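In what follows, a single structure is set out as structure tokens and then discussed.
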Amino acid sequence: MRDHALAAREALSPASRAGLVRQLETHLDELVAVLQPRVLAFCWPYRAEPDLREWVARWLTGDADRRAALPVVLEKDAPLIFRCWQPGMPLKTDRHGIPFPAEGAAVVPDVVLVPLNAFDVQGFRLGYGGGYFDRTLAVMRTVTVGVGFELGRVDSVLPQAHDQAMDWLLTEAGAFRAGEA
């Protein structure tokens with residue numbers, strides 16, 4: 001299921017993916033206006049995930065008190081931490097080539113935008129199998145928004161007991177509360 005969802009997303013042309021991201025951003029504008037986070041965490045795009053960097057940069061300019069954050073892996077099999085990010089700041093890359101802020105205090109985001117590979121209407125998702133978000137969300141009180149493309153929607157991801165459901169799902173089709181999508 002994960003491999004199928006990844007292959008479908010990676011098969012999108014850059015122009016098609018960019019068009020889907022523009023649609024997704026419209027719904028993200030509306031959802032963030034409702035949720036009103038002060039600290040918004042997002043993920044650097046990996047393997048053709050929606051690239052929200054420009055949207056986050058625009059969001060930051062709307063209010064000087066807003067902060068964006070990226071996840072950081074400090075150790076394997078441990079929860080993620082989040083560090084503040086600003087466009088143009090120096091970043092290091094992890095073993096997968098994903099950039100992250102190498103320094104800075106940990107922040108607790110009000111809202112976390114979590115990438116979706118495959119996902120279901122109940123808000124459960126398949127990531128890359130490392131369990132980082134599940135471990136993190138099990139100990140962090142925050143609003144979670146699963147972000148992905150409709151091509152990753154499945155009837156069920158067959159969640160396990162440790163899997164953490166998203167509060168919201170956001171795709172090019174809209175923003176939906178989990179269970180209502």
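Key figures
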item	result
Pairs with Cβ under 9 Å, 6+ apart, first in region 134-161 and under 13 Å from L113 (Cα atoms), second assigned to a helix (DSSP H, G or I) and of a type in the set (G, A, S)	G148/A5
Test result for D155, over 18 Å from D29 (Cα atoms), modelled with pLDDT of 95 or more, part of a loop (DSSP other than H, G, I, E, B) and over 15 Å from the mean Cα position of the chain (by Cα)	yes
D77 being within 21 Å of A175 (Cα to Cα) and of a type in the set (D, E)	no
Top-ranked residue in region 130-165 [being in contact with a Lys or Arg (Cβ under 7 Å, 6 or more places away or on another chain) and among the small types (G, A, S); ranked as surrounded by the fewest Cβ atoms within 10 Å (Cβ to Cβ)]	G152
Every pair of residues 6+ apart whose Cβ atoms lie under 7 Å, when the first sits in region 26-51 and is closer than 29 Å to A11 by Cα while the second is surrounded by fewer than 15 Cβ atoms within 10 Å (Cβ to Cβ) and small (G, A, S)	none
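Residues checked against (1) in a strand (DSSP E or B); (2) over 13 Å from the mean Cα position of the chain (by Cα):
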{"site": "G88", "(1), (2)": "no, yes"}
{"site": "L113", "(1), (2)": "yes, no"}
{"site": "F133", "(1), (2)": "no, no"}
{"site": "A138", "(1), (2)": "no, yes"}
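For (1) among the charged types (D, E, K, R); (2) over 15 Å from the mean Cα position of the chain (by Cα); (3) farther than 23 Å from L116 by Cβ, each residue gets a yes or a no:
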position: R38; (1), (2), (3): yes, yes, yes
position: Y46; (1), (2), (3): no, no, no
position: L52; (1), (2), (3): no, no, no
position: D77; (1), (2), (3): yes, yes, no
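The values are calculated or read from the model by the stated rules, or taken from the named source; none is laboratory data. This is a predicted model, so every value here is computed, not measured. Glycine gets a Cβ as well: all are built from the backbone with ideal geometry, and neighbour counts include every protein chain shown.
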